[in-house]
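Enquirer: Supplied in structure tokens, the structure appears directly below.
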Protein chains: 2
Amino acid sequence: MAKNVGILAMDIYFPPTCVQQEALEAHDGASKGKYTIGLGQECMAFCSEVEDVISMSLTAVTNLLEKYKIDPKQIGRLEVGSETVIDKSKSIKTFLMQIFEKFGNTDIEGVDSTNACYGGTAALFNCVNWVESSSWDGRYGLVVCTDSAVYAEGPARPTGGAAAVVMLVGPDAPVAFESKLRGSHMSHAYDFYKPNLASEYPVVDGKLSQTCYLMALDTCYKCLCSKYEKLEGKQFSLSNADYFVFHSPYNKLVQKSFARLLFNDFMRNASSVDEATKEKLGPFSTLSGDESYQSRDLEKFGALADTMHRQVSQQLAKPLYDAKVQPSTLIPKQVGNMYTASLYAALASLIHNKHSELDGKRVVLFSYGSGLTATMFSLKLSEGRHPFSLSNILSVMNVAGKLKSRHEFPPENFVEVMKLMEHRYGAKDFVTSKDSSLLAPGTYYLTEVDSMYRRFYAKKPADVTNCENGSLANGH
Amino acid sequence: MAKNVGILAMDIYFPPTCVQQEALEAHDGASKGKYTIGLGQECMAFCSEVEDVISMSLTAVTNLLEKYKIDPKQIGRLEVGSETVIDKSKSIKTFLMQIFEKFGNTDIEGVDSTNACYGGTAALFNCVNWVESSSWDGRYGLVVCTDSAVYAEGPARPTGGAAAVVMLVGPDAPVAFESKLRGSHMSHAYDFYKPNLASEYPVVDGKLSQTCYLMALDTCYKCLCSKYEKLEGKQFSLSNADYFVFHSPYNKLVQKSFARLLFNDFMRNASSVDEATKEKLGPFSTLSGDESYQSRDLEKFGALADTMHRQVSQQLAKPLYDAKVQPSTLIPKQVGNMYTASLYAALASLIHNKHSELDGKRVVLFSYGSGLTATMFSLKLSEGRHPFSLSNILSVMNVAGKLKSRHEFPPENFVEVMKLMEHRYGAKDFVTSKDSSLLAPGTYYLTEVDSMYRRFYAKKPADVTNCENGSLANGH
């Protein structure tokens, strides 16, 4: 069986069009700090009328193959995780086949995986399992997470975002799975869903969704701890992992989540929890998962979790958070919720911020998709060998450059784009502006949807340095 | 690594409501034989207003667990393949979690896989790979294929159908995968797709879809043959498999497909093709795949394939078809196109018809999903051990009983149901008739969709023998 299977290489694409959360706060008439401190978000990327989940993933896959010099014939599996539905039957994966058909490679397994923000994790697990299975043919797997998160006008709108992350999967990876160290929690819930088929916007019960997230986190952590203890014969606690990476709908929830894990260690009487912490957490011991789940008193659970977060995360968890979580929060805070891509954009942030310190480190990730599906799982990092090394991943992703070369839209223009996109969603028989001036060289963009709903894309030439947009040529 | 991983157990559910194709022909004013001979279909099942893909899969999963006496805690993975979208974000898998949550089992990986009729195959492959991977925890996998195929009034309407197939996956299976014997063809095409998000009906280019299907079949077969030859050092031809099972949008395409495979053997100069066949097929050698693909002359390709089918399948392929294909066509002809469930309903038909003769036999399956994704793969059958034996699968599925106890609707009433379902698709805030009188005991049915689009289901008591519907109590 193939060993140390995991992520060999990765890249991230997000639209260069964005809006500052501070400006959006003012525009929306929200209280100062509501989005920036209350949600913990800084900036939000969005697709303009020439971009969508298909164009973003065409760009990301093409970039990865080129930058890591991967022969398209060497891809044996390609899977997509997404919850942004453009077609209810035809997968995004089939659009991406255009890249490989040119090279005569159509023998590529895999389709799209769907459940809210979790689809990318499902695709990644599937791809890793494939490499470890008897059906593996020795080629690479490719996993794409691509989403555009948009919300109706109102309190959820600032929690949007858009991106595509692509990951190359194979053996002897610098980002390797510890496959036995994994706990899932899957359940039937209506916290966030998309039953209004004609609308791009979800139906969201924000409070319920936060509670579901935290409950799933508890259950997954307990499950992972119990598996670790069975395997290793000793207790698992926060001290057993170097970094924790969370699915990030907005940063405040990530802060709460980490405080919640600390609370779990306290409840499990973990030896790593010191006396001062025990004293401070004592009053919250009624917040024990089992009780609150059984009573189904979600509101009480949510309120207590909020209180605990305010008191605990600022005092007790803060130093640990800064060390173990903060390095993974850069892109999610700057780009927003990228749904399936969100967790892997956080992993990319960790590599961006800590690349030289990651060799030998354990990273625990928490993936959550409303509805609901959740898994906590563990990765073991090593520097790896070029081109599949953490330092090369860092250099290819060029996160700082991509963030720097973005174009900030005033909130008014952002709202205009959202209005246009509402009309365009599910529509046919239109051409776009075909304006690629804001896009980096090599970026795909939507040109037309014909009367049969067929979608056409063009690619901005990759080799031309656009003089008028010099920063883009550097940035991307 | 786990050995002989595959299907341990299976069950099928289809609605008891159906319409005869002969009656539909007359009602639609179609020429006599258009549906029954032209399409090769006999009867078509459809969901009435109390059934949908969620209720059908709740029923199928519950039945399988009960009939094979599987402890719900012993399920470690659950995956769904479907192209019938009720919610664009929340997976059907999360609805099925209700069955397992009752038993305290929420640690169940897997979500929904999507690409037209291929999603079930993707889910099955994922599940098999999981059992062979290092992340397998020793429990069973469960794969559900569930779809309701409905078409707008017009020529495609008689190609509908509805069903859910459920398969238990694990090692030492009576239906085991030969994982190295597999060829895929995936490509970007607009043959059948669902871009009109508010409508349940697809956009279909029937002619193109047939051509895409046959081209994908050619490519997959070539790929599988070439892999076999590399592995075994000898040629693969139709004579190397005992049965061929095809995804069946309608039976005529299955007939054409088998003729096409024979033609492939002829073009590859397979030793199994006799002189008489070579002579008859000579005139069609311009139908060579490579040429027709390059010229992109799809219409010509389709026309020639039609001609060849008429001349060849009736004469040359017919005896072989009767022996190697016909036994798998029962349910698809009686129930219609079940999309993701179609291929596995065909496999169920084969087990139903040939159970006692299958020990040691090789079955080659062809899975096709428009858009397009296709794989040809091989299974090795053995009798197995109770409860995971072919004879027990036969007895649990009770195909004959289920077919016999159906309720034929006059075409007028079928059309009425379709009209009601058009209004109900994507709708909220309604209650159904809650009429379960036509359903078998133990069947789930839809009772309500509330103002927040939340769906509610009830289960018809399983232990009560319904005196007024005695046939149902036997049949299901």
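Yes/no per residue for (1) of a type in the set (Asp, Glu); (2) on the phi > 0 side of the Ramachandran plot:
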{"site": "A:Leu390", "(1), (2)": "no, no"}
{"site": "A:Val396", "(1), (2)": "no, no"}
{"site": "A:Ala400", "(1), (2)": "no, no"}
{"site": "A:Val415", "(1), (2)": "no, no"}
{"site": "A:Glu422", "(1), (2)": "yes, no"}
{"site": "A:Gly426", "(1), (2)": "no, yes"}
{"site": "A:Thr432", "(1), (2)": "no, no"}
{"site": "A:Pro441", "(1), (2)": "no, no"}
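Enquirer: Follow-up. Filter segment B:45-58 down to residues that are among the hydroxyl-bearing types (Ser, Thr, Tyr) and over 18 Å from B:Ser342 (Cβ atoms), then give me how many there are.
Expert: Summing the residues that are among the hydroxyl-bearing types (Ser, Thr, Tyr) and over 18 Å from B:Ser342 (Cβ atoms) in segment B:45-58 gives 2.
Enquirer: Return yes when B:Lys434 is modelled with pLDDT of 95 or more, in a helix (DSSP H, G or I) and of a type in the set (Lys, Arg) and no when it is not.
Expert: no
Conditions tested, residue by residue: (1) at pLDDT 95 or above; (2) touching a Pro at 6+ places or on another chain (Cβ under 6 Å); (3) surrounded by 20 or more Cβ atoms within 10 Å (Cβ to Cβ).
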site: B:Phe14; (1), (2), (3): yes, no, yes
site: B:Gln41; (1), (2), (3): yes, no, yes
site: B:Val53; (1), (2), (3): yes, no, yes
site: B:Asn63; (1), (2), (3): yes, no, yes
site: B:Tyr68; (1), (2), (3): yes, yes, no
site: B:Gln74; (1), (2), (3): yes, no, no
site: B:Arg77; (1), (2), (3): yes, no, yes
site: B:Gly81; (1), (2), (3): yes, no, yes
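Enquirer: Which of the following residues is touching a His at 6+ places or on another chain (Cβ under 9 Å) and either assigned to a helix (DSSP H, G or I) or under 25 Å from B:Lys180 (Cβ atoms) (or both): B:Leu403, B:Leu394?
Expert: Going through B:Leu403, B:Leu394 in turn, the sole match is B:Leu394.
Enquirer: Do you know which residues across segment B:152-196 are within 19 Å of the chain's Cα centre (by Cα), surrounded by fewer than 24 Cβ atoms within 10 Å (Cβ to Cβ), under 30 Å from B:Ile70 (Cβ atoms) and within 10 Å of another protein chain (Cβ to nearest Cβ)?
Expert: Selection gives B:Arg182 alone.
Enquirer: Scan segment B:361-383 for residues that are closer than 21 Å to B:Asn337 by Cβ and within 12 Å of chain A (Cβ to nearest Cβ) and jot them down.
Expert: B:Ser367, B:Gly369, B:Ser370, B:Gly371, B:Leu372, B:Thr373, B:Ala374, B:Thr375, B:Met376, B:Phe377
Enquirer: Kindly list, by first and then second residue, each pair from a residue in segment B:147-171 that is in contact (Cβ under 8 Å) with a residue 24 or more places away in the chain and farther than 30 Å from B:Lys73 by Cα to a residue that is assigned to a helix (DSSP H, G or I) and of a type in the set (Lys, Arg), limited to pairs with Cβ atoms under 7 Å and residues at least 6 apart or on different chains.
Expert: B:Tyr151/B:Arg157
Enquirer: Got a sec? Which of B:Ser257, B:Ser248 is in a loop (DSSP other than H, G, I, E, B) and either at pLDDT below 90 or closer than 29 Å to A:Thr106 by Cα (or both)?
Expert: Every option except B:Ser248 fails the conditions.
Enquirer: Among the residues of segment A:234-248, is any more than 23 Å from A:Ala60 (Cβ to Cβ) and within 13 Å of chain B (Cβ to nearest Cβ)?
Expert: No, every residue in segment A:234-248 fails to be more than 23 Å from A:Ala60 (Cβ to Cβ) and within 13 Å of chain B (Cβ to nearest Cβ).
Enquirer: Here's a check for you: in segment B:98-113, which residue that is surrounded by fewer than 22 Cβ atoms within 10 Å (Cβ to Cβ) and not in a loop (DSSP other than H, G, I, E, B) is farthest from the other protein chains (Cβ to nearest Cβ)?
Expert: B:Ile99
Enquirer: Can you give me the ranges of the strands (runs of 3 or more DSSP E) entirely in segment A:12-97 with at least 1 residues that are within 14 Å of chain B (Cβ to nearest Cβ), of a type in the set (Val, Ile, Thr) and over 20 Å from the mean Cα position of the chain (by Cα)?
Expert: Here the list reads A:75-81.
Enquirer: Here's something else I'd like to know. Return a yes/no flag: does segment A:116-139 have any residue that is part of a loop (DSSP other than H, G, I, E, B), out of contact with any strand residue (DSSP E or B) (no Cβ under 6 Å at 6 or more places or on another chain) and at pLDDT below 95.
Expert: No, segment A:116-139 has no match at all.
Enquirer: Could you list, in sequence order, all residues of segment A:395-420 that are surrounded by 17 or more Cβ atoms within 10 Å (Cβ to Cβ) and under 17 Å from A:Leu64 (Cα atoms)?
Expert: Of everything in segment A:395-420, those that are surrounded by 17 or more Cβ atoms within 10 Å (Cβ to Cβ) and under 17 Å from A:Leu64 (Cα atoms) turn out to be A:Val396, A:Met397, A:Asn398, A:Val399, A:Lys402.
Enquirer: Does B:Tyr118 satisfy the criteria of being surrounded by fewer than 22 Cβ atoms within 10 Å (Cβ to Cβ), within 22 Å of the chain's Cα centre (by Cα) and over 20 Å from B:Ala440 (Cβ atoms)?
Expert: no
Enquirer: Let me ask something else. Only one of A:Glu357, A:Glu412 is more than 14 Å from chain B (Cβ to nearest Cβ), charged (D, E, K, R) and in contact with a His (Cβ under 8 Å, 6 or more places away or on another chain). Can you tell me which?
Expert: A:Glu412
Enquirer: Let me ask something else about it. Residues being in contact with a Gly (Cβ under 7 Å, 6 or more places away or on another chain) and on the phi > 0 side of the Ramachandran plot: count how many of those fall in segment B:142-169.
Expert: 1
Enquirer: Another one. For A:Tyr213, state whether it is among the aromatic types (Phe, Trp, Tyr), under 21 Å from the mean Cα position of the chain (by Cα), surrounded by fewer than 23 Cβ atoms within 10 Å (Cβ to Cβ) and outside any strand (DSSP E or B).
Expert: When the stated conditions are applied, A:Tyr213 does not pass them.
Enquirer: Next question, about the same structure. Please determine whether any residue of segment A:229-245 is free of Cβ contacts under 8 Å to residues at least 40 places away in the same chain, among the small types (Gly, Ala, Ser) and not in a loop (DSSP other than H, G, I, E, B).
Expert: Yes, segment A:229-245 contains at least one residue that is free of Cβ contacts under 8 Å to residues at least 40 places away in the same chain, among the small types (Gly, Ala, Ser) and not in a loop (DSSP other than H, G, I, E, B).
Enquirer: Additional query: Specify the residue that is nearest to the other protein chains (Cβ to nearest Cβ); the eligible residues are those in segment B:140-151 that are touching a Pro at 6+ places or on another chain (Cβ under 9 Å) and assigned to a strand (DSSP E or B).
Expert: Selected residue: B:Ala149.
Enquirer: Could you check, for segment A:330-351, whether at least one of its residues is in a strand (DSSP E or B), of a type in the set (Val, Ile, Thr) and either away from every other protein chain (no Cβ under 14 Å) or without any contact (Cβ under 8 Å) to a residue 24 or more places away in the chain (or both)?
Expert: No, because not a single residue in segment A:330-351 is in a strand (DSSP E or B), of a type in the set (Val, Ile, Thr) and either away from every other protein chain (no Cβ under 14 Å) or without any contact (Cβ under 8 Å) to a residue 24 or more places away in the chain (or both).
Enquirer: Conditions: (1) at negative phi; (2) buried (at least 24 other Cβ atoms within 10 Å of the Cβ). A:His386 meets all but one. Number of the miss?
Expert: (2)
Enquirer: How many residues does segment A:197-209 hold that are more than 10 Å from every other protein chain (Cβ to nearest Cβ), surrounded by fewer than 21 Cβ atoms within 10 Å (Cβ to Cβ) and in contact (Cβ under 8 Å) with a residue 60 or more places away in the chain?
Expert: 2
The values are calculated or read from the model by the stated rules, or taken from the named source; none is laboratory data. Fair warning: this is a prediction, and the values are worked out from it, not measured in the lab. With ideal geometry, Cβ positions are generated from the backbone for all residues, glycine too; neighbour counts draw on all protein chains shown.
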